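Okay, structure first, notes after.
The values are calculated or read from the model by the stated rules, or taken from the named source; none is laboratory data. Computed from a predicted structure; not experimentally measured. Because the Cβ atoms are built from the backbone with ideal geometry, glycine has one as well, and the counts that use them run over all protein chains shown. Surface areas here come from the heavy atoms of the whole protein model, side chains and all, with no ligands, DNA or RNA. Shrake-Rupley method; radii C 1.70, N 1.55, O 1.52, S 1.80 Å.
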Amino acid sequence: MIWPSSGWKRAATYVWHRMRRLPDTPERIARGLFAGVFISFTPLFGFHFLGAAGIAWAMRGNIPAALLGTFVGNPLTTPIFMTLSLETGYWLLGTENRLTLSQVLPFFSEASAQIARNLLSFWTGGESDWTPLREFFTRIWFPMLAGSVIPGTIAGLIFQWGSLPLIRAWQRLRARHRDARIAAARARGTKP
């Protein structure tokens with residue numbers, strides 16, 4: 001789950017390969033990256049692709065770039081993002097009784113199990129009890145969601161502004177290579 005079966009180098013090479021071939025303006029690709037990085041800080045686990053695509057669409061960014069940008073949130077970086085978002089949320093909301101990441105993780109497991117039990121009770125005829133989830137949402141999920149805005153925006157802007165000159169340079173280089181291939185083909189008298 002943490003280590004890609006083909007290794008990190010191959011996974012990074014694949015993402016780089018996909019980024020190089022995105023057919024759009026550098027500004028739209030950079031806005032898409034912003035959307036993907038931003039959404040990686042939120043506790044919307046399982047919905048990061050949809051959220052990134054929605055934000056990219058609203059910002060007129062490149063949706064495939066947004067989907068690739070969500071890879072910034074991976075098993076190695078997610079604990080850091082969760083901690084930053086949770087601490088920022090506690091600070092914004094003025095929460096006194098703060099939980100550490102090691103205390104938060106069991107809450108996520110229990111909340112997932114509780115949601116599964118409650119959804120299963122609709123088919124089994126059992127009783128569903130949503131009250132234990134109230135503590136999870138008020139003490140963890142909502143502060144993390146509120147707190148994800150600041151670090152997510154900062155990280156997203158760093159990626160957006162940092163990638164823009166690289167994307168421009170790469171597209172100029174590709175255009176020069178393409179023009180050189182076309183000129184060489186015309187010199188040989190073949191179709192480019």
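Local charge for residue 129 was computed over the other residues whose Cβ lies under 14 Å away, with Lys and Arg +1 and Asp and Glu -1, and equals -1. Among 127, 110, 87, the largest mean-square fluctuation in a Gaussian network model of the chain (Cα springs under 10 Å) belongs to 127. Accessible surface of the chain, 1.4 Å probe: 66 percent of it comes from carbon and sulfur atoms. Considering helices alone, the calculated mean residue ellipticity of the chain at 222 nm is -23500 deg cm²/dmol, with DSSP H runs of length four and up weighted by -39500 (n - 2.57) and normalised per residue.
Look at the dipole of the stretch 73-192 built from charges on Cβ: of 161, 100, 133, the Cα furthest out on the positive end belongs to 161. Model label points for residue 122 and residue 135, set 7 angstrom from Cα along the Cα-to-Cβ axis, are 2.6 nm apart. So what is the relative contact order of the chain, in percent, for Cα pairs below 8 Å that sit 6 or more residues apart? The normalised contact order for the chain reaches 27 percent. Here the stretch 65-117 is described by how far its Cα atoms reach on the three principal axes: 38, 33, 17 Å, from widest to narrowest. Protein-only accessible surface at a 1.4 angstrom probe places the residues 137, 122, 49, 81 in the order 122, 49, 137, 81, largest first. Of all the options 61, 147, 125, the one that moves most in a Gaussian network model of the chain with Cα springs shorter than 10 angstrom is 125. When the chain is treated as a Gaussian network with alpha carbon springs shorter than 10 Å, the biggest mean-square fluctuation among 54, 36, 46 belongs to 46.
With loop membership from DSSP and a limit of 16 other Cβ atoms within 10 Å, the longest segment of the chain without trypsin sites (Lys or Arg not before Pro) is 99-192. Once the chain from residue 45 to residue 96 is taken as fully extended at 0.36 nm per residue, the excess over their C-alpha distance is 15.8 nm.
Once Cα Rg over 2.2 N^0.38 Å is worked out from the coordinates, which option in (1) 1.35; (2) 1.00; (3) 1.18 does it equal? The listed entry that was calculated here is (1). Average accessible surface for the chain: 63 Å² per residue, computed with a 1.4 Å probe over protein heavy atoms with every protein chain in place. Extension gain for the segment residue 166 to residue 190, taken as residue separation times 0.36 nm less the Cα-Cα distance, is 5.3 nm to one decimal.
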